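First up is the structure itself, then whatever we jot down about it.
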Amino acid sequence: MTIESNAVVYNPNHLLDILLAKMQLKNDAALARMLEVAPPVISKIRHNRLPVGASLLIRMHECTGMSIRDLRDLMGDRRTKHRLSNAQGNPAKTAGASNG
């Protein structure tokens, strides 16, 4: 028995397929032209060698009018917050600093 039965799986192919249908495009090369990216970018995303980055999500939003949240949902990204690194937002501690 697995817990993952109701879990959403990250699948950028689903997002790309929906965009192809919504924009009535014939193939990934046409999608790449619409998004103004090189065709290998779409291929790398399809083969899980490259994540769908923020700039590409914004471009998808601009071309389709779909919300960023909807685009992220289509690829299975259900995170509500994104953290860039553990150190971000934590000021560097200096030797003479006090917390009081």
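K93 meets all of the listed conditions (1) open to solvent by 80 Å² or more (accessible area, probe 1.4 Å); (2) modelled with pLDDT of 95 or more; (3) in a loop (DSSP other than H, G, I, E, B) but one, namely (2). Looking across the range 15-70, just one residue is in a loop (DSSP other than H, G, I, E, B), without any contact (Cβ under 8 Å) to a residue 24 or more places away in the chain, under 12 Å from the mean Cα position of the chain (by Cα) and surrounded by 14 or more Cβ atoms within 10 Å (Cβ to Cβ), and that is L50.
The values are calculated or read from the model by the stated rules, or taken from the named source; none is laboratory data. No experiment lies behind these values; they were computed from the predicted model shown. We place every Cβ from the backbone using ideal geometry, glycine too, and count neighbours over all the protein chains shown. All accessible areas refer to the heavy atoms of the entire protein, side chains included, with ligands and DNA or RNA removed. Shrake-Rupley method; radii C 1.70, N 1.55, O 1.52, S 1.80 Å.
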